[in-house]
Amino acid sequence: MNHFLKKALADICSNRVLNLITIITISLSILVVSVFLLFFENASRVIESWNQGGRAMIYFKKEFHPEMLPELKTKINALGGIDRITYISKTQALEDLKKKLSTGTAFLKTLKENPLPDALEIRMTSYHNFEDVKGLAQAIQAIDIVEAVEYGQGWLEQFLKIFNLFKMAGYSLCSLFFLIALFITANTVRMAFYSRKLEVEIMRLVGATETFIKAPFYLEGLVQGFLGGILGLTALSISYLTFSSGMTQHLAADVFVDIRFLSVKIIVLIVFGSTFLGWFGCYLSLKQILK
Amino acid sequence: MDDKKTKNLIMRLFNVRKRYGGILALNDITLDIEQGEFILISGPSGAGKSTLLKILGLAEKASEGQILIDGMNLARISSSRLPFLRRRFGMVFQDFKLIPNRTVYENVALVLEAAGENRSYIRKKVMQVLRTTGMEKKQKALPPTLSGGEQQRVAVARAVVGNPSVILADEPTGSLDATSAQAILDFLMDYHKKGATVLIASHNLHLLETHVRGRNVEICDGTIKRTATML
Ligand SMILES: Nc1ncnc2c1ncn2[C@@H]1O[C@H](COP(=O)(O)OP(=O)(O)OP(=O)(O)O)[C@@H](O)[C@H]1O
Ligand SMILES: [Mg+2]
């Protein structure tokens, strides 16, 4: 196997310019994809931390009575997308408030009546699609006894709108680059194949199987994909390091979240994906040539 | 007929035709080849000698007719088995068909690599064959840098390296001087004596007739004109 790898590298070197262009195209695609992944990973974390994982508060009117609770719970659960419902009575809410305001509890004691409403805290299963969250909130609002639903409307709506826009742009750009890289890889394999047409023909004549003939092309595709992935990620980490060294401090102070590099899992996935890309380009090309 | 059944026929051709576009290169060839035979295919230029050898060596497909290999109909053999059948044949092509950007050693070793032999065996076997064909010193040379006669010897080396049971040599002495030609012929004769079936296509009759025992198949315009036994 080592022997074949050496041969594949030698073949890549013998066709330097073409293979370099391919590897650079793959790495550019990987760079674009990984930039978006980096953005999404961090943005998701920011949203999660701000949104506290899709939490919303339902406040009830004065007429609320704990006996209504089971019925309300079933009603809300029936709306779907609810992960968990926790009841916070007004007494408990006051206790919590007292705990939070460790000083100034004296002032609270002067209250004749508890001014806080009874509430339900709900946690949604999915909260990245703002329309879903909004729809759910409106449905809950429609229940008679509900006074208000609070889920970080204003800024969250804006942020998620932009975030989703980015996501769409990201997806389309990623697929576009994936297709370009695939096309270039397939084309390189095709050109490599035709430049070695005589060699392939001779291999057949001396009794080589199709697998034996195809193997070096596949290996070349895999090596190209792998190198492209590594190169793309290297470019990403270099730009990340230069940017983050200057930027994170400022940004982190505002956002309360540090910008993190891609997780190991994602890095492995990217390298795996780009290696697959090289293989797939080769597969498409050889399938077309050899029918 | 009975007599033929007792013989070990490795290949049988029935009414084989080969067309290249409008040109009929082979027309109605019927031929039996026995295990261990020595056959000289002769005939004028353009007669179809190379075409016949290529069809026998499974390098080309016949346009019409039946071919039996060890009694199996070639048309019924799946294409995935073809490479394994081809390994029984060692071909010396008239135009050598060496890979120009691979060294002499790599060209010869390719046969064994394709057959999945291990590296140390390949090394040993290739060097041995290059030695016997006198190309040992040129093992690192690229074919285009070699003379015609040297390329021919590499082609012969590649043909025999896989120990095929059949050798098909197309003008194996065409580019060689008398001495080198004799050396190559002696080499092929030795191989034949070990039990291999050898077919040589050549228009150079006097080189062979002198000391060969076998069959001479003379073809002209794509058909067998005459079959004669040689002493
Ligand atoms: N690949 C090809 N395409 C078209 N025509 C071909 C091809 N190969 C052979 N022919 C034609 O088939 C006929 C027989 O050719 P072949 O090479 O078998 O002759 P030959 O007996 O080997 O001649 P020579 O002694 O010159 O080598 C010729 O007329 C040739 O032009
Ligand atoms: Mg010829």
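Please treat every number below as a calculation from the coordinates, not as lab data. Fair warning: this is a prediction, and the values are worked out from it, not measured in the lab. Please note: Cβ atoms are built from the backbone with ideal geometry, for glycine as well, and neighbour counts cover all protein chains shown.
Some observations on this one:
- Qualifying residue in region A:210-217 (condition: within 14 Å of another protein chain (Cβ to nearest Cβ) and closer than 16 Å to residue A:15 by Cβ): yes
- Residue list for region A:70-96, restricted to those being touching a residue at least 12 places away in the same chain (Cβ under 8 Å) and over 37 Å from the mean Cα position of the chain (by Cα): A:89, A:90, A:91, A:94
- Here region B:172-190 is the region considered, the condition is being under 20 Å from residue B:104 (Cα atoms) and not in a helix (DSSP H, G or I), and the residue that is nearest to ligand 1 (Cβ to nearest atom) is B:174.
- All strands (runs of 3 or more DSSP E) inside region B:31-127 with 1 or more residues being among the polar types (S, T, N, Q) and within 16 Å of ligand 2 (Cβ to nearest atom): B:38-42
- Filter pass, residue B:64 being within 16 Å of ligand 1 (Cβ to nearest atom), more than 14 Å from chain A (Cβ to nearest Cβ) and more than 30 Å from residue B:131 (Cβ to Cβ): yes
- Test set (1) more than 16 Å from ligand 1 (Cβ to nearest atom); (2) within 14 Å of chain A (Cβ to nearest Cβ) - residue B:168 fails condition number: (1)
- Any chance residue B:14 is away from ligand 1 (no atom under 16 Å from the Cβ) and aromatic (Phe, Trp, Tyr): yes
- Selection from region B:67-84 of residues that are touching a residue at least 12 places away in the same chain (Cβ under 8 Å) and facing chain A (nearest Cβ under 8 Å): B:83
- Count of region A:184-209 residues which are at the interface with chain B (Cβ under 10 Å from one of its Cβ atoms) and of a type in the set (Lys, Arg): 2
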